[in-house]
Each structure stands twice: as C-alpha cells, then as structure tokens.
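Engineer: Supplied in structure tokens, the structure appears directly below.
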C-alpha cells in the first residue's frame, strides 16, 4: 500500500487532473468530494473519453464511481481478488471514512516478484517506463498448424 495518494476534487477540470497525474507519474487519482472518497480517475477513464476531454469536462463527468474501496485489515489475497474480479487497477484503502492509502495492480505484481526470489534486474526509477513490445502483424505471421 502507498500512503502518498494523489487526490483530486470532483470539480476539477478532467484535463487538468490528467495532466497532474502525468506529471506525478501515476495512473490513478482518488476523487474526493470534501473528505469523502467518491470515485477514481484512471488513465483508462481518459482513454474511454479520448479526445472529448476538453475544457468543459469535470472529473465528476469522467471518473469511475462509486469508488471500490478496501479496509486496511484486508488480506493481500482479498485485495487481489477484488482487483481481478472487478477488473480495476487500484483500490483506495479507507479506514473510518478516511483515505489512508492505495493498493494498485503494480503493487501486487511487485509483491509476486519479490516473493519469487531475489531479482537480478535493477528497479525502474519512478516515471521510467519499459520499452513497448514489438507489435505482431497478424496478417503476416505464419498460421498455426
């Protein structure tokens, strides 16, 4: 769980929120209405709206709501199950109505990797990305037997 969570208000312009997410190198922002967690804004939300995100769309219009949250006492397997079953990328961690952290799919993958033994690869600094895989042109590839 990460305790440092990017939060945005429902009334913020969606384009500004997405620019902030990119600047912070995060894929999810927890959306608040006052102190209440009401939703999540993700890169997926931005892709769903695409070019329609302009100067008039607010976070409230674009976010995924209601927020699917989890308690700090939940187990890792519970969190993984919710992420997979709901097909979501993050879970805000809420205790007594207060946001205390966030768990992401990347956190789960890092945990699996760490339990698999010592990694010989260097960790990527925050914001550094792996190269994209080469695309396969399905029209040119050989047919399966």
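Where a number appears in this text, it was derived from the coordinates with a stated rule and is not lab data. Just so we're clear, the structure is a prediction, and the values are computed from it rather than from any experiment.
Engineer: By how many nm would the segment from residue 75 to residue 114 lengthen if fully extended, with 0.36 nm per residue of separation less the alpha-carbon distance?
Structural biologist: Full-extension gain reported as 12.3 nm.
Engineer: Compute from the Cα atoms of segment 7-115 the Rg and the Dmax, the latter being the longest Cα-Cα distance, and quote both in angstrom.
Structural biologist: So, for segment 7-115, Rg and Dmax equal 14.1, 46 Å respectively.
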